[in-house]
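Notes to accompany the following structure.
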Amino acid sequence: MKFLRNLLDKLKPDFEPGGRFGAFQSVFEGLETFLFVPNKTSGSGVHIHDSIDTKRTMFMVVIALFPALLFGMYNVGYQHYLAIGQLSVGYREIFLFGFLSVLPQLIVSYGVGLSIEFMAAQWRKHEIQEGFLVSGMLIPMIVPVDTPLWMIAVATAFAVIFAKEVFGGTGMNIFNVALVTRAFLFFSYPSKMSGDRVFIRLSETFGLGAGTPVDGFSGATPLGQAATATAHTVQLTDILGNPLSAWDLFWGFIPGSIGETSKFAILLGAVFLIITGIADWRIMISVFVGGFCMGTILNAVGTTAAMNISAYEHLLLGGFAFGAVFMATDPVTSARTVSGKYIYGFLIGLFGILIRVINPGYPEGMMLAILLMNMFAPVIDYFVVQANIKRRLKRMRVKKENTTGLKSD
């Protein structure tokens with residue numbers, strides 16, 4: 001590390017204003033502060049110093065995402081080899097197939113998003129912000145595995161520019177960048193974001209996984225099955241028609257977006273975020289409470305298969321859990337007040353289940369629910385603060401009247 005520090009110190013003058021590479025000062029500072037904690041200190045005023053900064057906060061979220069990402073890679077290979085009837089190939093080849101399928105999406109997401117962030121930082125002469133460290137990983141995890149790379153590139157560029165940079169960059173955006181990317185894909189290229197086969201990679205990857213689907217194959221996700229069922233109830237099945245239990249939904253060997261299938265992996269990430277204090281447990285819990293309440297209400301009046309899915313199964317389906325843990329808790333776009341976090345999370349869970357059940361065209365309602373509440377988070381905080389001010393003013397008036405009464409006696 002000392003060698004690396006000395007090398008950066010030697011190169012630094014070339015990246016200062018007026019140096020040979022002064023145009024890339026923001027890029028150099030971004031790399032330097034990623035590798036080392038900045039050694040600058042404040043010269044005046046009162047400041048609080050600790051070991052956590054934005055880079056390290058985002059890096060913690062990336063670590064929390066790894067269990068879901070690694071399982072998602074394995075599940076991509078698992079679903080592929082299950083579809084072609086070759087699960088006997090072994091764990092290594094299954095994971096390698098999924099890894100090679102997902103890796104190009106990660107490269108495109110980070111490549112496009114970071115390039116735009118670097119250019120924006122240099123143009124504004126600002127430091128490079130670190131928010132895209134998380135968004136760049138989230139984007140591939142919330143889209144189908146066979147989404148064309150050029151679509152991911154276009155959607156990522158749109159989201160970074162119009163949902164982030166135009167608002168001022170990291171910390172200023174109103175909407176979650178990764179969800180804006182998914183929304184752009186969903187409304188611009190709906191055939192690539194829904195349907196029976198988009199969540200299963202059937203083609204080979206770098207020479208691996210050659211084969212054709214077995215008889216009886218269906219790539220419909222459990223949510224897709226519920227949305228298209230014509231009966232009042234539906235038996236959720238895997239891609240070969242085998243019944244799925246709640247434990248199957250929990251462990252995640254089902255078709256879906258790359259990062260959303262394993263609730264166990266998501267739970268590991270949630271525990272890590274809560275222990276490290278990066279994400280707020282109040283939002284997570286209230287999202288699940290809101291979803292369970294809406295699921296229970298719909299069960300009571302259910303007239304369709306989606307309504308009659310049990311409330312706890314709704315929490316295990318689709319991207320509900322992933323959204324509750326990694327999307328709703330985004331500190332930039334969520335509510336800030338304590339009471340507001342409970343309200344914000346509860347309404348996300350409520351609307352997430354309502355949208356997926358009432359409108360079959362949007363079987364994954366979590367995306368729209370979180371984006372909707374991103375917009376209303378400042379309003380929620382405003383009314384919470386105003387209510388608190390009124391309570392304090394009332395206590396002050398009562399205290400003043402009591403004090404005046406005592407003096408008059």
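The values are calculated or read from the model by the stated rules, or taken from the named source; none is laboratory data. On a predicted model such as this, the values are computed, not experimentally measured, just so you know. Heads up, the Cβs are rebuilt from the backbone with ideal geometry, glycines too, and the neighbour counts pull from every protein chain shown. Surface areas here come from the heavy atoms of the whole protein model, side chains and all, with no ligands, DNA or RNA. Shrake-Rupley method; radii C 1.70, N 1.55, O 1.52, S 1.80 Å.
Odds and ends about this structure:
- Across the range 57-80, the number of residues qualifying as open to solvent by 10 Å² or more (accessible area, probe 1.4 Å) and among the aliphatic types (A, V, I, L, M) comes to 7.
- Which listed residue, of Tyr382, Tyr312, is open to solvent by 60 Å² or more (accessible area, probe 1.4 Å) and either within 24 Å of Trp247 (Cα to Cα) or modelled with pLDDT under 95 (or both): Tyr312
- Those residues of the range 218-236 which are modelled with pLDDT of 85 or more, open to solvent by less than 30 Å² (accessible area, probe 1.4 Å) and part of a loop (DSSP other than H, G, I, E, B), in sequence order: Thr221, Leu236
- Taken as a whole, the range 391-405 holds no residue that is under 28 Å from the mean Cα position of the chain (by Cα), open to solvent by 40 Å² or more (accessible area, probe 1.4 Å) and of a type in the set (Ser, Thr, Tyr).
- Residue in the range 257-270 that is assigned to a helix (DSSP H, G or I), out of contact with any His (no Cβ under 8 Å at 6 or more places or on another chain) and more than 25 Å from Val76 (Cα to Cα) present: no
- Qualifying residue in the range 361-368 (condition: hydrophobic (A, V, I, L, M, F, W, C) and open to solvent by 70 Å² or more (accessible area, probe 1.4 Å)): no
- Test for Phe158: is it assigned by TED's automatic domain parsing to the domain that holds Phe118 and out of contact with any helix residue (DSSP H, G or I) (no Cβ under 8 Å at 6 or more places or on another chain): no
- Failed criterion for Gly169 (all others in (1) modelled with pLDDT of 85 or more; (2) under 24 Å from Thr329 (Cβ atoms) hold): (1)
- Selection within the range 174-195 - open to solvent by 50 Å² or more (accessible area, probe 1.4 Å) and at pLDDT 90 or above: Ile174, Phe175, Phe187, Ser188, Tyr189
- Residues that are closer than 11 Å to Phe320 by Cβ and assigned to a loop (DSSP other than H, G, I, E, B), drawn from the range 358-378: Glu364, Gly365
- The single residue among Val143, Val198 that is open to solvent by less than 10 Å² (accessible area, probe 1.4 Å), at pLDDT below 95 and assigned to a loop (DSSP other than H, G, I, E, B) turns out to be Val143.
Per-residue answers, yes or no, for (1) over 19 Å from Ala68 (Cα atoms); (2) in contact (Cβ under 8 Å) with a residue 12 or more places away in the chain; (3) polar (S, T, N, Q):
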{"position": "Ile278", "(1), (2), (3)": "no, yes, no"}
{"position": "Arg282", "(1), (2), (3)": "yes, yes, no"}
{"position": "Ser286", "(1), (2), (3)": "yes, yes, yes"}
{"position": "Ala300", "(1), (2), (3)": "yes, no, no"}
{"position": "Thr304", "(1), (2), (3)": "yes, yes, yes"}
{"position": "Ile309", "(1), (2), (3)": "yes, yes, no"}
{"position": "Leu315", "(1), (2), (3)": "no, yes, no"}
{"position": "Phe322", "(1), (2), (3)": "no, yes, no"}
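- Annotation note: of Gly211, Gly219, the sole residue that is of a type outside the set (Val, Ile, Thr) and at positive phi is Gly211.
- Qualifying residue in the range 347-357 (condition: assigned to a helix (DSSP H, G or I), surrounded by 18 or more Cβ atoms within 10 Å (Cβ to Cβ), in contact with a His (Cβ under 7 Å, 6 or more places away or on another chain) and touching a residue at least 24 places away in the same chain (Cβ under 8 Å)): yes
- Residues that are crowded, with 18+ Cβ neighbours inside 10 Å and part of a helix (DSSP H, G or I), drawn from the range 293-307: Met294, Gly295, Leu298, Ala305, Ala306, Met307
- Residues satisfying the stated conditions in the range 146-173, i.e. open to solvent by 20 Å² or more (accessible area, probe 1.4 Å), small (Gly, Ala, Ser) and not in a helix (DSSP H, G or I): Gly168, Gly171
- Here Gly290 passes the criteria (1) outside the structural domain of Ile139 (by TED's automatic domain parsing); (2) at pLDDT 95 or above; (3) out of contact with any helix residue (DSSP H, G or I) (no Cβ under 7 Å at 6 or more places or on another chain) except the one numbered (3).
- Test: Leu350 is at pLDDT 95 or above, touching a Gly at 6+ places or on another chain (Cβ under 6 Å) and not charged (D, E, K, R): yes
- Residue that is nearest to Ser257 (Cα to Cα) [pool: residues in the range 81-103 that are loosely packed, with under 15 Cβ neighbours inside 10 Å and of a type outside the set (D, E, K, R)]: Leu103
- Residues being modelled with pLDDT of 95 or more and either open to solvent by less than 70 Å² (accessible area, probe 1.4 Å) or not in a helix (DSSP H, G or I) (or both) - total across the range 275-287: 5
- Put simply, of Ser245, Ser262 the only residue that is within 26 Å of Leu202 (Cα to Cα) and surrounded by fewer than 23 Cβ atoms within 10 Å (Cβ to Cβ) is Ser245.
- Phe132 being open to solvent by less than 30 Å² (accessible area, probe 1.4 Å), of a type in the set (Phe, Trp, Tyr) and in contact (Cβ under 8 Å) with a residue 12 or more places away in the chain: yes
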